[in-house]
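To start, the structure under review is shown below, and the notes come after it.
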Amino acid sequence: MTTFQLHQDTRAHPELASQLEGLAKRVFPVLERVTQLPLGEVTIRLQGTDDFLDRIVSGFHDSVAREADAFGLDTAEIRACRTRLEAREESLRLRWPSVPGCTVDAEGQPEILINADAVQHAGLHEAHMIKLLAHEGCRVGQHRGGEGELFRVLATTRPQYYGLLPGAQAAFIADGHALWADQQVTQELIGRVVVPGETSGHETDTLRQARARYDARIEELEQATPGAAAAAHSALTPGEYRAGAQWVGRVMQFTGVALLNWVWAYPCLLPTRAEVACPEQWTVRATATAAAVTG
C-alpha cells in the first residue's frame with residue numbers, strides 16, 4: 001500500500017500543501033495500479049525556488065563525485081563532466097518557472113520536489129497538479145523498480161560505464177514512460193488527458209520572461225556551436241516527450257507492463273535509436289534478455 005509524507009519546507013503558498021495531500025491520495029493508488037511499479041512510502045517536499053534549485057544542482061555535483069570515485073576518472077574527465085553539468089545548471093536556473101517538479105535521489109531514496117513558486121507562476125489548476133504528481137510519482141516507481149539504477153544512468157556523463165548499447169535512449173524512455181503514466185492517470189481521474197505544453201491561461205510575466213531568456217540563450221548557443229552546445233542545455237522537446245509516450249504505449253500493446261519494467265533495473269535494456277524506430281525489434285531482445293536473467 002502506498003503512503004506518503006509531505007514536508008512543507010517553505011512558508012509560501014501554504015494552501016498548496018493541503019491541495020497536494022488531497023490529490024496524492026487520489027493519484028498514487030491509480031498510478032501504482034497502472035504502472036505495476038511499487039511506490040512504497042513517497043516523500044514529497046514543497047519548497048521555495050532557492051531550495052528547489054540548490055537540491056537539484058547538488059545532485060548534479062554529487063553524481064560527478066560518485067563517478068570519479070567509482071570509475072577512477074582522471075582530472076580531464078572530471079573537468080569535462082563538470083562543464084556539462086554547469087551547462088545543465090545554467091539551463092535549470094534560466095527556466096525554473098517552467099519546472100514545477102522534479103524527482104531526485106536522496107541518499108538512495110527517491111524524493112519528489114515541488115517548487116511552490118513555479119506552481120504559482122504557471123497558474124496550475126487541479127488537472128495540472130494531478131498530471132504533475134502522476135508524472136513525478138512515476139519517476140519514484142522507476143527508482144523503486146531498479147533501486148535507482150536508471151537515475152544514475154540519467155545523471156551520468158559517462159554512459160559507457162553502465163553497459164548501455166550505443167545510442168541507448170535513456171531520457172526518451174524514462175520521460176516517455178512518465179508521460180504515458182500521467183496520461184493514464186489524468187484520463188481516469190478527470191476524464192481527459194492533460195497534454196504536454198498545455199497551459200493554464202494564468203501564467204505570470206515572470207514565467208513568460210524566463211521562457212524568453214531561455215529561448216534566447218539556446219539560440220545564442222546554437223549560433224556559436226551548432227548542435228552541441230544547445231543539446232547540453234535542452235531537455236526533451238514536447239514532441240520528443242509525446243514520441244516517447246507513444247513508443248511506451250505501443251510496447252504495452254505487445255507485451256503488457258511487465259517487460260518494460262525490467263528497464264529500470266537493467267539499463268542495458270534501454271532501446272537504441274533503431275529499436276525506437278521498431279519497437280518489435282526491442283521486444284524480441286528484451287524478452288530474450290529477461291528470460292536469461294531469470295534463468
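Once you order the gyration tensor axes a ≥ b ≥ c over the Cα atoms, which shape class does the stretch 3-79 get: rounded for a/c under 1.5, otherwise prolate or oblate by comparing a/b with b/c?
oblate
Among residues other than residue 73 whose Cβ falls under 9 Å from its Cβ, what is the net charge (Lys/Arg +1, Asp/Glu -1)?
Cβ neighbours under 9 Å give a net charge of -3.
Treating each Cα of the stretch 87-176 as an identical point scatterer and ignoring solvent, apply the Debye formula and state log10 I(q)/I(0) at q = 0.13, 0.15, 0.18, 0.24 Å⁻¹.
Per q value, in the given order, log10 I(q)/I(0) is -0.51, -0.67, -0.93, -1.31.
Compute the signed sum of charges (Lys and Arg +1, Asp and Glu -1) over the other residues within less than 12 Å, Cβ to Cβ, of residue 221.
Taking every other residue near residue 221 into account, the sum is -4.
Where a ≥ b ≥ c are the square roots of the eigenvalues of the C-alpha gyration tensor, would you call the stretch 238-295 rounded, which needs a/c under 1.5, or, failing that, prolate if a/b is larger than b/c, or oblate?
Here the stretch 238-295 falls in the prolate category.
In percent, what relative contact order does the stretch 14-111 have, based on Cα pairs under 8 Å that are 6 or more apart in sequence?
Relative contact order of the stretch 14-111: 31 percent.
What list do you get for 172, 60 if you sort them by fewest beta carbons within 10 Å?
Ascending number of Cβ neighbours within 10 Å: 60, 172.
Is the stretch 1-146 best put as rounded, prolate or oblate by its Cα gyration tensor, with a ≥ b ≥ c the root eigenvalues, rounded for a/c under 1.5, and otherwise prolate when a/b is larger than b/c, oblate when not?
Oblate.
Spelling out what I want: for every residue of the stretch 109-119, take phi, set θ = phi - 60°, compute 6.51 cos²θ - 1.76 cosθ + 1.60 (Karplus), and round to whole Hz; glycine and proline get x.
10, x, 9, 8, 9, 10, 8, 4, 5, 5, 4
Let me spell out the model: positive unit charges on the Cβ of Lys and Arg, negative unit charges on the Cβ of Asp and Glu, origin at the Cα centre of the chain. What dipole size does that give, in debye rounded to 20?
That gives a dipole near 580 debye.
Within the chain, which whole H helices from DSSP have a Cα span along their axis of at least 27 Å and a mean Kyte-Doolittle hydropathy of 0.0 or more, if any?
15-35, 170-190
With unit charges on the beta carbon (Lys/Arg positive, Asp/Glu negative), name the residue among 97, 216, 253 whose Cα is farthest towards the positive pole of the charge dipole of the chain.
Result: 253, furthest along the dipole toward the positive end.
Given contacts defined as C-alpha pairs under 8 Å and at least six residues apart, what's the relative contact order of the chain, whole-number percent?
About 22 percent, as a whole number.
What is the set of long-range amide H partners of residue 7 at a cut-off below 5 Å, with H atoms built 1.01 Å from backbone N?
44, 45, 46
Can you sort 180, 262 by how many other beta carbons sit within 10 Å, fewest first?
Ranked by crowding around the Cβ, least crowded first: 262, 180.
What ranking, highest mean first, results for peptides 184-196, 124-136 when packing means the other Cβ atoms within 10 Å averaged over each residue?
124-136, 184-196
Note down, for the chain, the three equivalent ellipsoid semi-axes (square root of 5 times each alpha carbon gyration tensor eigenvalue), biggest first, whole angstrom.
28, 25, 19
Looking at the chain only, what percent of DSSP beta bridges run antiparallel? Nearest 5 please.
Among the beta bridges of the chain, antiparallel pairing accounts for roughly 35 percent.
Using the scaling law 2.2 N^0.38 Å as the reference, what is the normalised Cα Rg of the stretch 135-261?
For the stretch 135-261, the normalised Cα radius of gyration comes out at 1.22.
Readers should treat all values here as calculations from the given coordinates under stated rules, not as data from a laboratory. Bear in mind the structure is a predicted one, so any value in this text is a computation, not a measurement. Methodologically, a virtual Cβ is constructed for each residue, glycine included, from the backbone with ideal geometry; neighbour enumeration extends over all protein chains shown.
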